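The structure appears below as structure tokens.
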Amino acid sequence: MAAPVDYCCMAAHGGAAPTPSKSALSERRPLCPLSMMRSPLNLTGSGPSGTPPPRLAKVRAWLTPSRYATYQGDAYEVHEVLGSGAFGLVSLVTKPHDDKQLFAMKTIDRFRLHNAMLRKSVANEISVLRRLSDEETRHSGIAALIEVIETPRSIHLVIEFGGPSCHELLMRDGPLAEADARSVGGQIADALAHCHALAVCHRDVKLENIVVHERRAKLIDFGLSCVWHEGMVPLRRLAGSLPYMPPEMAHLVAGRKRPPLRAREEQPDTATGYNPSAVDVWSLGASIARMLIGEHVFQAGSDDELALLIVRGRYVLPTTLSAASVELLERMMECDPQRRLPMRAVKAHPWLADRHADRDPPAAEVLAERG
């Protein structure tokens, strides 16, 4: 099956990452020497064995940016690269002489912010993280922003380290036990309800953005988040990862190719945009379902086919799941966003609300042992 497209602009914790090359260790690029530009360049010729002329090779090397900008300050020590994305690296860092407190440093390469929309997106992420990281608004289920360090070449976001992602745990150990999924899902539902109360919608809830460390689950990567509340104009811009998108958003991926529906009136009117808080509810439901069954609810051979399956909204959950979990997932993954549970009702659902007085082993302890 073809791998689904991830529409995220920036990967966060997790994922394989290349080791930065020596050329990536420079924060500033030297100016192009004028001597390299004094005489006309042979842009079509070649040197010995078909190689570019030496002067052209130097100019090309100067024009080509370092693969990744890295942190060069002395306030933090970089220990390893956790992941990479379109804008740069995410690294595990500590403060000098203190290796007990871990942080994740998200480095955004200014060279890659080549248009106003991308620069606005980064500014929005920082603004949202600051809104959620204030002492009065901080939530234990959200990885808080510690500080922002800016250099001429890059922007470094220092964030609480959240541990391994649920995606990593799933790939390593298989589906989570129901008690585990209930514990993680309940904590993230509480975190998202807190976000929505502050008019923040994540828009990219998925297992890769849910991490577990020291018996706590946290939500990370607000790169696609937005400030939105009821009464505002519905959104139309595509965001998130397709397997976790609800029908009203997946329709934007499918473009004009609407599926043949027998009861079109039962489907949401995607032409009017979408409510991002309702998107978070569906995405969390899809995430919990994947924790429980080990795979995505919707699967297809291409993105177009997958988008059409999601828009149709036809899925079947395994009979091995408890009745309470199935009932919650069906109400979270309701095709009509108007009938979908709001996040405050999700976190109050008995299947999640009873997680603290569970007869099963404490899920957070199990996940802590795995991590």
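The values are calculated or read from the model by the stated rules, or taken from the named source; none is laboratory data. If you're wondering where the values come from, they're calculated on a predicted model, not measured in any experiment. Counting neighbours? That spans all protein chains shown, and the Cβs are built from the backbone with ideal geometry, glycine included.
Observations, loosely collected:
- Screening residue 212 on (1) closer than 30 Å to residue 146 by Cβ; (2) in contact with a helix residue (DSSP H, G or I) (Cβ under 7 Å, 6 or more places away or on another chain); (3) surrounded by fewer than 17 Cβ atoms within 10 Å (Cβ to Cβ); (4) not hydroxyl-bearing (Ser, Thr, Tyr) shows it passes everything except condition (3).
- Between 119, 172, the distinction of being in contact (Cβ under 8 Å) with a residue 12 or more places away in the chain and among the charged types (D, E, K, R) belongs to 172 only.
- Screening residue 90 on (1) out of contact with any Lys or Arg (no Cβ under 6 Å at 6 or more places or on another chain); (2) crowded, with 17+ Cβ neighbours inside 10 Å; (3) aliphatic (A, V, I, L, M); (4) in contact (Cβ under 8 Å) with a residue 60 or more places away in the chain shows it passes everything except condition (1).
- The listed residues are 227, 205, and the only one of them that is closer than 20 Å to residue 144 by Cα, surrounded by 15 or more Cβ atoms within 10 Å (Cβ to Cβ) and modelled with pLDDT of 90 or more turns out to be 205.
- Looking across segment 110-122, the residues that are more than 26 Å from residue 217 (Cα to Cα) and either of a type in the set (A, V, I, L, M, F, W, C) or not in a helix (DSSP H, G or I) (or both) come down to 111, 113, 114, 115, 116, 117, 118.
- Inter-residue pairs, beta-carbon under 7 Å, first assigned by TED's automatic domain parsing to the domain that holds residue 328 and in segment 339-351, second outside any helix (DSSP H, G or I), 6+ apart: 340/334
- Selection status of residue 155, farther than 23 Å from residue 278 by Cα, touching a strand residue (DSSP E or B) at 6+ places or on another chain (Cβ under 8 Å) and not hydroxyl-bearing (Ser, Thr, Tyr): yes
- Check on residue 102, of a type outside the set (Asp, Glu), modelled with pLDDT of 90 or more and under 14 Å from residue 223 (Cα atoms): no
- Selection count where residues are surrounded by fewer than 16 Cβ atoms within 10 Å (Cβ to Cβ) and either among the basic types (Lys, Arg) or closer than 17 Å to residue 348 by Cα (or both), scope segment 311-334: 5
- Leading residue by the ranking (surrounded by the fewest Cβ atoms within 10 Å (Cβ to Cβ)) among those in segment 139-169 that are without any contact (Cβ under 8 Å) to a residue 60 or more places away in the chain and hydrophobic (A, V, I, L, M, F, W, C): 148
- Hey, residue 180 at pLDDT 95 or above, in the same structural domain as residue 352 (by TED's automatic domain parsing), under 19 Å from residue 205 (Cβ atoms) and of a type in the set (D, E, K, R) or not: no
- Number of the condition not met by residue 136 [criteria: (1) assigned to a helix (DSSP H, G or I); (2) without any contact (Cβ under 8 Å) to a residue 24 or more places away in the chain]: (1)
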